[in-house]
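The values are calculated or read from the model by the stated rules, or taken from the named source; none is laboratory data. Bear in mind that the values here come from a model prediction, so they are computed numbers and not experimental data. When we count neighbours, we look across all protein chains shown, and the Cβ atoms used for this are built from the backbone with ideal geometry, even at glycine.
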Amino acid sequence: MPKLTKEKGSKEPSKHMEYSLEELDRDLINFQNLCNDLKIDKSNQLEIMKPLTSKIPKTHTFYCLVLLSVLICLSIILLGQDSISWHLTAIVRIAMIKMLPYLDWRYLEYEQCLIPKQHQNYNIQQEIFQCSLCESFKDFEDFLIIDKEINPDVIEELMAVHKPIILAGEIDHWIKESPEQFIEQLINHQQFSKSFPCNLKSNIYDTIRDDVDFETLIKKRQIHDGSFFMHFRNCRKDAVRIFRNYTHRPWFLPENVAPVTFNWLIWNKNYQVMNYKQLELFEKCSVIGQMFGKTRLRLLPKGNCHSTCLTLEGVLPARFMMVLTNLWDVEYLPEGISDNMAAILEIR
């Protein structure tokens, strides 16, 4: 058999190129065992291995964690000081206001999740209603039920078929002597008076320019007492809770309709216009209670029932209450020269 010879120019693979990590690991373990057998202490072992360990890049993870911990502790201590906390809060608020022309972050304040769902399509998620349930509704008088018929079972049955319900005298415990007295009891709570209402619409404040707290809004109302309108939604938890103390959940609602998640105030005086004001109601059930004066309401069927069912209009008098489901969009018209006030409870 002919003897194999290496071609000219070819190189025999060197040993160090064939040296694997497993072999390196084994040799290091053997070396450590040898050092232990020879009773070489740890410091001398590290000194012997210095030519190798010096080539390993050092990480500063431990020092970074210590520095981060110190910064967090300092931040907690500084924020605990009222003056420093107040100034930092003011600076952050100013920065967020300056950011508004470039990024409108206000809608995120009441979001439960700041990360949007993928492939979110509101047209696809739009609720489909059975329009035969509302196609025969023609007048508000069809929705009035008498006292002896009022009980949670009847209300639940009517709500199941999306029929609006009008009841008399079920909000007497809401009503004070005047609208001003109702407002005064709210302002007495600092958490409410300093809260910023959502969905505010009014002729006495430019809501596009800036937000306004409830106390400032009422002060401006006193300047425009001759003619004004306002409506807003309480969306902060403290404000919702305080308002709920004076507008208790009606007793006749079924147990599965709870709790009150948002509440609204509608107030107008001597405000005569032709344009209806839209209310953006979100929850599956809404209760409208007319405390003073009266309000002309317009109920518009939603979604796929918009062209099948009629738009309904009627007046809700003082001390009357209307219960609605989420089949209906609601608009209202400030009613004439009287002093009118209504409250709305949105119930999940």
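In a residue-by-residue description of the range 296-316, the property of being in the same structural domain as Lys138 (by TED's automatic domain parsing) and farther than 28 Å from Gln130 by Cα applies to no position. In this structure, Ile40 does satisfy being modelled with pLDDT of 70 or more and among the β-branched types (Val, Ile, Thr).
Restricting the range 118-143 to residues that are exposed (fewer than 11 other Cβ atoms within 10 Å of the Cβ) and in contact with a helix residue (DSSP H, G or I) (Cβ under 8 Å, 6 or more places away or on another chain), which is modelled with the highest pLDDT? Taking the candidates together, the pick is Ile128.
Consider Gly303 against the criteria (1) in contact with a Pro (Cβ under 6 Å, 6 or more places away or on another chain); (2) at positive phi: it satisfies all of them except one. Which criterion is unmet? Going through (1) in contact with a Pro (Cβ under 6 Å, 6 or more places away or on another chain); (2) at positive phi one by one, Gly303 breaks only (1). Tallying residues that are part of a helix (DSSP H, G or I) and of a type in the set (Gly, Ala, Ser) within the range 152-186 yields 1.
Assessment of the range 210-224 against the conditions (under 23 Å from the mean Cα position of the chain (by Cα), exposed (fewer than 15 other Cβ atoms within 10 Å of the Cβ) and modelled with pLDDT under 90) yields at least one matching residue. Taken over the range 182-201, the residue count meeting the criterion of being surrounded by fewer than 20 Cβ atoms within 10 Å (Cβ to Cβ) and within 26 Å of Glu283 (Cα to Cα) is 9. Per the conditions (1) modelled with pLDDT of 95 or more; (2) more than 25 Å from the chain's Cα centre (by Cα); (3) crowded, with 19+ Cβ neighbours inside 10 Å, the sole criterion not satisfied by Arg298 is (3). Inspection of the range 300-311 identifies no residue that is under 29 Å from Gln181 (Cα atoms) and either in contact with an Asp or Glu (Cβ under 9 Å, 6 or more places away or on another chain) or assigned to a strand (DSSP E or B) (or both). Checked against the criterion of being farther than 30 Å from Lys237 by Cα, modelled with pLDDT of 75 or more and aliphatic (A, V, I, L, M), the candidates Val92, Val66 yield just one match: Val66.
Every residue, every condition in (1) more than 22 Å from Ala318 (Cα to Cα); (2) in the same structural domain as Leu217 (by TED's automatic domain parsing); (3) at pLDDT 90 or above; (4) basic (Lys, Arg), yes or no:
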{"position": "Phe232", "(1), (2), (3), (4)": "no, yes, yes, no"}
{"position": "Cys235", "(1), (2), (3), (4)": "yes, yes, no, no"}
{"position": "Ala239", "(1), (2), (3), (4)": "yes, yes, yes, no"}
{"position": "Ile242", "(1), (2), (3), (4)": "yes, yes, yes, no"}
{"position": "His248", "(1), (2), (3), (4)": "no, yes, yes, no"}
{"position": "Pro259", "(1), (2), (3), (4)": "yes, yes, no, no"}
{"position": "Trp264", "(1), (2), (3), (4)": "no, yes, yes, no"}
{"position": "Trp267", "(1), (2), (3), (4)": "no, yes, yes, no"}
{"position": "Tyr271", "(1), (2), (3), (4)": "no, yes, yes, no"}
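Looking across the range 284-324, the residues that are out of contact with any Leu (no Cβ under 9 Å at 6 or more places or on another chain) and closer than 25 Å to Arg249 by Cβ come down to Lys284, Met291, Phe292, Gly293, Pro317, Ala318, Arg319. Taking residues in the range 206-228 that are outside the structural domain of Ala239 (by TED's automatic domain parsing) and aliphatic (A, V, I, L, M), and partners anywhere that are surrounded by 13 or more Cβ atoms within 10 Å (Cβ to Cβ) and part of a loop (DSSP other than H, G, I, E, B), not one pair has Cβ atoms closer than 6 Å while being at least 6 places apart or on different chains.
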